[in-house]
Every structure is written in structure tokens, then in C-alpha cells.
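The structure appears right after this line, and notes come after that.
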Amino acid sequence: MREEVLEFTATGPPRVVARAIEQFATRYGSLSAIIVPWESNPVTLSMAVTSAKSDGWAIEHTNLGTIRLTNLENDLTRVTIAAHAPDHAEKQKLSALFEGFASQVQNSFQVTP
């Protein structure tokens with residue numbers, strides 16, 4: 001079940017905003033944010049936010065949420081961030097990680113009204 005976390009407007013077209021969020025996630029730490037082409041269309045890009053944990057050769061990816069970037073024209077993008085309840089033993093820790101990430105994305109990219 002998805003729960004909407006945040007919705008705001010950012011400057012730039014969706015692809016530019018997506019690249020900036022991908023870089024932001026990389027700097028954030030153990031998170032990745034990548035475009036999911038089969039869930040995207042010409043107007044809206046969908047991004048998956050995942051946490052990765054490695055143990056030797058094994059890498060575990062946990063889906064934490066989705067970011068949707070919708071073109072509003074005039075060099076603006078609507079950003080909608082929705083959390084996914086992770087099916088994981090560290091559910092509370094991962095949920096808090098995603099909420100902190102989502103809040104920092106908003107603080108970094110939101111256009112002041």
C-alpha cells in the first residue's frame with residue numbers, strides 16, 4: 001500500500017529534476033533513485049527509491065518509495081513522493097530513512113511559492 005508523503009513544485013523539466021535527485025540520493029548514502037521507464041510516459045517520469053545492503057557477494061535491494069515527476073510546462077515539474085511500507089525486518093529504520101530523504105529532497109528542490 002502506498003502512502004503519499006509529499007507533493008511540491010520544482011524548477012526544471014522532469015528529466016533534469018530526475019538527474020538531480022539521482023545524484024542527491026547517491027550523496028545521501030545507501031539509497032538509489034532511478035527512473036523506471038516502463039512506469040513512465042512522455043509527461044510523467046516515475047522513479048524508484050531503493051536501499052541497498054550488501055553482505056559479501058549478496059546485495060539486498062529494498063523498495064522504499066516512488067517519486068513521480070510531472071511536467072507542468074514553463075520549466076516547472078510537480079514532484080510527488082510516496083512511501084512504500086517495506087516488507088523487511090528493519091521496517092521502522094528504512095521508513096525513517098526514506099522520510100528523511102523525502103524531506104531533504106523537498107527542502108533542496110522545492111520552488112518557494
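The values are calculated or read from the model by the stated rules, or taken from the named source; none is laboratory data. Because the structure is a prediction, the values reported are computed rather than measured. Cβ atoms come from the backbone with ideal geometry, glycine included; neighbour counts cover every protein chain shown.
Brief remarks follow.
- Scoring PRO13 on the criteria (1) on the phi > 0 side of the Ramachandran plot; (2) surrounded by 13 or more Cβ atoms within 10 Å (Cβ to Cβ) leaves a single failure, condition (1).
- Strands (runs of 3 or more DSSP E) contained entirely in segment 5-87, each with at least 2 residues that are of a type in the set (Ser, Thr, Tyr) and at pLDDT 85 or above: 44-55, 58-71, 76-84
- Look at segment 18-32: where a residue is farther than 12 Å from PHE109 by Cβ and a partner is at pLDDT below 85 and among the hydrophobic types (A, V, I, L, M, F, W, C), sitting 6+ places away or on another chain with Cβ atoms under 7 Å, you get SER30/ALA52; SER32/ALA52.
- Considering (1) surrounded by 16 or more Cβ atoms within 10 Å (Cβ to Cβ); (2) modelled with pLDDT of 95 or more; (3) out of contact with any helix residue (DSSP H, G or I) (no Cβ under 7 Å at 6 or more places or on another chain); (4) part of a helix (DSSP H, G or I), the lone condition that SER95 does not fulfil carries the number (2).
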